[in-house]
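Heads up, the thing below is written out as structure tokens.
The values are calculated or read from the model by the stated rules, or taken from the named source; none is laboratory data. Just so it is clear, the model here is predicted, and its values are computed rather than measured. FYI the Cβ positions are ideal-geometry reconstructions off the backbone, even for glycines, and counts take in every protein chain you see. For the accessible areas, the whole protein counts, side chains as well, though only heavy atoms, and no ligand, DNA or RNA atoms are used. Shrake-Rupley method; radii C 1.70, N 1.55, O 1.52, S 1.80 Å.
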Amino acid sequence: MASGIQEITYYEHELNIRRVIEEQASLQNVDAALNICDLSSVERKYNLWVKYLPRITPYYAVKCNDDPMIVKVLAELGAGFDCASKNEVKLVLGLDVAPERIIFANPCRPVSHLEYAQQHRVANGTVDNEFEIYKLHKHYPQSNLIVRFKSEAKEAQCPLGDKFGCDADADATALMLLAKALDLKVTGTSFHVGSGCSELEAYDRAIKKAKNIFKFGELLGYDMNFLDIGGGFPGSDDGKFQKIAEIVNTSVQRHFPDDRVQIIAEPGRFFVAAAYTLVCKIHAKREVRNEAGKLDTIMYYLNDGVYGSFNCILYDHQVVTPEHYLDESAAFPEFKSLIWGPSCDALDKISEDLRLPNLNRGDLIGFPNMGAYTVPIASPFNGFEVPRTLYFRAM
Ligand SMILES: Cc1ncc(COP(=O)(O)O)c(C=O)c1O
């Protein structure tokens, strides 16, 4: 098998996590946590995208989850890719994706990464400052410059505007003038409203600004033909996605009615969040009592924590939802509970103030929606293994 390509188990109808766990008897004997990845969920999300945003080609943001199995499924479905580094570009090209289906969407790249892009003819790349323009002039003058401007949602899980994006008026025009003076080619513009965007009108505001940038580019004689509306789409709330799609469709119809303009987006969490369920095992447990000796909280220690997959709590501001796998038909009394990760660090806290039945050492706890910004960031801190992944797909 090619590097990173794993076996897939096929299922009929729906993937039943409880059944997978029961069938994976080996789980009971293994001390590493397990990711259950449903590749059909990625496919369903792709079909949802095509249905609701037919004019906009999704370029999957590889940084969100760079598992080659995920990238392969999306490549086969016809998605493009947003890559942040040479290694991400390499991964995507290694799956026989044409360079035109890649955007190097990191406005600040090391020279060796740019040289790699040039060698492999990955021409589209974002830029938001004059130093990068001089760098491109020296190291990749034939590339297509996509000017990234800042236009943030009022509310987002992870805002990005402090780090990237030029001012959409004065700076964007100055950058295009500089590009013109250096004989570089500007072909379009891009923005990112913030990951996990909660202010849906932000897309309309940004698309309107993009139109002005297009107009200025055209005044300079550029063939402006590429609009990139970034990421920010929800991972598990498909109703919210449909609302965003409505806003985006109306806005592009108003500001970019010309079909000659290629419109792409860079969705990350949209495709992968819901595809993963992380199954952890309780390897230790402690009861905390108050001064009168009465039980206050039951604390559980799991085999994955904030230095592993649950880094998403720290970096991605995720709220994770545990589910137990005790007999569904029985009613269990619930207790105030707290869940810790395995390391010796007290920062390694997964969830608190929960109500859970009295679980035992060896019991499993599952966490749905764990596919985004988890896998590529997890580290084996304190010597605890990062989870392995099993892949499933509908027949
Ligand atoms: C440039 C860029 N594009 C796309 C994404 C993906 O965003 P999301 O997962 O919100 O779709 C990110 C996330 O950080 C990003 O930085």
- Message: How big is region 147-255 along each principal axis, measuring the range of its Cα positions in Å and listing the largest first?
- Response: 45, 30, 18
- Task: Mind checking the full-extension length gain between LYS154 and GLU218? Use 0.36 nm per residue of separation minus the Cα-Cα distance, one decimal, nm.
- Result: 20.0 nm
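Could you give the size of the charge dipole of region 40-271 about its Cα centre, using +1 on the Cβ of each K and R and -1 on the Cβ of each D and E, expressed in debye and rounded to the nearest 20? Present the calculation step by step, with values, prior to reporting the outcome.
Working: 29 positive and 31 negative charges, 31 e Å.
Its charge dipole is roughly 140 debye.
Please compute the alpha carbon radius of gyration of region 253-395, then divide it by the globular-protein estimate 2.2 N^0.38 Å. Two decimals is fine.
Numbers: Rg = 19.4 Å, N = 143, 2.2 N^0.38 = 14.5 Å.
Normalised by 2.2 N^0.38 Å, the Cα Rg of region 253-395 equals 1.34.
What whole-number value in Å² describes the accessible area per residue of region 176-328 for a 1.4 Å probe?
So region 176-328 comes to 41 Å² accessible per residue, rounded to a whole number.
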- Task: For ARG361 and ASP183, compute 0.36 nm times the residue count separating them, minus their Cα-Cα distance, and round to one decimal in nm.
- Result: 57.5 nm
- Item | Rh (Kirkwood; distinct C-alpha pairs) - region 13-131, Å | 16.4
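Counting only protein heavy atoms, what percent of the accessible surface of region 40-271 is carbon or sulfur at a 1.4 Å probe? Kindly include the intermediate steps, with their values, before the conclusion.
Working: 4660 of 9380 Å².
Carbon plus sulfur share of accessible area: 50 percent.
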- Message: Can you tell me, using C-alpha contacts under 8 Å and at least 6 residues apart, the relative contact order of the chain as a whole percent?
- Response: 21
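Which number comes out as Rg/Rh for region 297-353 once both Rg and the Kirkwood Rh are worked out on C-alpha atoms? Working shown, then result.
Values: Rg = 12.6 Å, Rh = 12.4 Å.
Using Cα coordinates only, the ratio equals 1.02.
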- Could you work out how far apart the two model spin labels at ASP162 and THR250 are, taking each label as a point 7 Å from the Cα in the direction of the beta carbon, and quote it in nm? 3.3
- Query: Under 22 Å Cα-Cα from LYS281, which lysines qualify once same-chain neighbours fewer than 8 residues away are excluded?
  - Reply: LYS336, LYS349
- If each part is reduced to its alpha-carbon centroid, region 167-187 and region 313-352 end up apart, in Å, by 50
- Message: So for region 40-271, averaging the separation of alpha carbon pairs under 8 Å that are six or more residues apart and normalising by length, what relative contact order in percent results?
- Response: 20
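About the Cα centre of the chain, what is the dipole size in debye to 20, counting +1 per Lys and Arg Cβ and -1 per Asp and Glu Cβ, all else neutral? Write out the running numbers ahead of the final one.
Numbers: 42 positive and 53 negative charges, 140 e Å.
The dipole magnitude comes to about 680 debye.
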- Cβ-defined net charge surrounding GLN253, 13 Å radius [Lys, Arg +1; Asp, Glu -1]: 0
- Task: Could you bin all the Cα-Cα distances of the chain into 20 Å bins starting at 0 and give me the percent of pairs in each, rounded to whole numbers?
- Result: 26, 51, 20, 2
- Query: What does the helix-only formula give at 222 nm for the chain: each DSSP H stretch with n ≥ 4 adding -39500 (n - 2.57), the total divided by the residues, and the result rounded to the nearest 500 deg cm²/dmol?
  - Reply: -8500 deg cm²/dmol
- In whole angstrom, note down how far apart the Cα centers of region 235-306 and region 23-73 are. 13
- Note on the structure: Of the residues ALA153, LEU295, ALA170, the Cα lying farthest along the dipole of the chain towards its positive end, which is defined by charges on the beta carbon of Lys, Arg, Asp and Glu, belongs to ALA170
- Mind putting together the pair-distance distribution for region 40-271? All Cα pairs, 5 Å bins, whole percent per bin, short to long. 1, 7, 16, 20, 21, 18, 12, 5, 1, 0
- Of the candidates VAL127, ASN369, VAL193, the farthest towards the positive dipole end of the chain (Lys/Arg Cβ +1, Asp/Glu Cβ -1, centred on the Cα centre) is VAL127
